[in-house]
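Asks: Before I ask anything, let me first share the structure, which is written out below as structure tokens.
Computed from the coordinates by the stated procedures, all read-outs in this text should not be read as laboratory data. The shown structure was predicted, so the numbers you read here are calculated from the model rather than taken from an experiment. Note: ideal-geometry Cβ built from the backbone for every residue, glycine included; neighbour counts use all protein chains shown.
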């Protein structure tokens, strides 16, 4: 993802320059949209986030929403998913984007070998690793146990047992 950040001085035509750069490079211009999303997540007025960004917020306002607090609500993390076990296991998606303070769900498909008998099991390790910082990861174990399949016998067939 390409990001070009710009600030402007009064009467510098910074908005026009930013628009021209975006048009020339084929990029999307984002102005207040990010701040609006942050305001929604923090349950504060959009105008407060704008005043903080512009350096116009009062002392009490800055205490309510300092840079550290705002950064918590703007962070999104992308995790690469991996599953390792003896039985073939595959996550439903390769990566997962999670906004700060939230969680998400994904499925893991496990192929039980044809020669597995009821009661056989496999423990697979599911790992989510941050794309932004490979030192940040989380793991959990997924246990799959083979069971007898449900069988329905139709008329004309004998029950083999």
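Asks: Order these peptides, 111-124, 79-92, by their mean beta-carbon neighbour count within 10 angstrom, highest first.
Replies: 79-92, 111-124
Asks: Mind giving me the FRET efficiency for residue 121 and residue 80? R0 is 25 Å, r the Cβ-Cβ distance, nearest 0.05 is fine. Don't jump to the answer; show the numbers that get you there.
Replies: Working: r = 26 Å, r/R0 = 1.05.
The calculated FRET efficiency here is 0.45.
Asks: Work out how much length residue 90 to residue 139 would gain on full extension: take 0.36 nm times their residue separation and subtract the Cα-Cα distance, in nm to one decimal.
Replies: Gain on stretching residue 90 to residue 139: 16.1 nm.
Asks: Got a sec? How would 105, 126, 38, 78 order by Cβ neighbour count within 10 Å, fewest to most?
Replies: Details: 105 6, 126 18, 38 22, 78 13.
If I rank by nearby Cβ atoms, fewest first, I get 105, 78, 126, 38.
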